[in-house]
Amino acid sequence: MSDPFSSSTLRIEQPRRGPFAKSRYKVMDGEGAVVAIAAPADDQGRAEVMRGIVPGKSNLDARAVLLTTPDGDPLFVVEKQKGRDYTEILGPKEDVVGSFVTERVGRRYVVYDGDGTLIGAVDVDVPHNNFAVHDTGGTKVAHVRKKWAGLATHLLTTADKYEAEIFDPVPEPLRTMAVMTAIVMDMTLHESKEIT
């Protein structure tokens, strides 16, 4: 599989396993075939995972997620820095593909390529459910939507579901960054759901 994200519609879902499913994702194409899976990049023990759900602990800690093909070949690393200001996307050889930088927390993020050149922006609606990805000219190149999974799922698990629609043709690396928007925004804005 040369380009696992070639589909114009992708679904990004977290498994429905309560708070221990944080930072785990499954990426599927428009037909529902799994094209990538993601898990924490470091092998966290149970104590480290528990740190994210214990009352009084910040959920703004740095974390990294490794995306691989279903066969285990590395694709990307999503590396969220501490806080909500900066998230970097790395290729399989640890080369920087691009970054998301906070312009207005929860409202707007600017997107840079690996050389630090501005290539676009992500505008977020007030409930943090719709993410419009634009190029530098203001043209909308993708729309990422967080889907409602029901009240119990929303309150008791971290099982969020996203759909990314890419308005091809979108040049690289903006296309890859548009796909990564779902995981980055989930790690930045939605992983704070905790049972405390």
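The values are calculated or read from the model by the stated rules, or taken from the named source; none is laboratory data. The structure presented is a predicted model; accordingly, all values stated were derived computationally and were not measured. Heads up, the Cβs are rebuilt from the backbone with ideal geometry, glycines too, and the neighbour counts pull from every protein chain shown. Remember, those area values only see protein heavy atoms, side chains included, never the ligands or the DNA or RNA. Shrake-Rupley method; radii C 1.70, N 1.55, O 1.52, S 1.80 Å.
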message: From the protein chains alone at 1.4 Å, what is the descending order of accessible area for E94, E165, E13, largest first?
response: E94, E165, E13
message: Once ligands and nucleic acids are excluded and a 1.4 Å probe is used, how much of L66 is accessible, expressed in Å² to the nearest 10?
response: 60 Å²
- prompt: Quick one: if the Förster radius is 30 Å, what FRET efficiency do Y86 and E31 give, using the C-beta to C-beta distance and rounding to 0.05?
  reply: 0.30
- line: Probe 1.4 Å, heavy atoms of protein chains only: per residue, the accessible area of the range 74-143 in Å² is 49 Å²
message: If amide hydrogens are placed 1.01 Å from N in the peptide plane, which non-local residues have theirs closer than 5 Å to the one on N130?
response: D125, K146
message: Computing the accessible area with a 1.4 Å probe over protein heavy atoms, can you report the carbon and sulfur percentage for the range 68-117?
response: 43 percent
- request: Can you tell me how much longer the chain between S8 and R104 gets when fully stretched, taken as 0.36 nm per residue apart minus their C-alpha distance, in nm with one decimal?
  value: 31.7 nm
message: Check which residues have an amide H placed less than 5 Å from I119's amide H, if you skip close sequence neighbours.
response: V111, Y112, D113
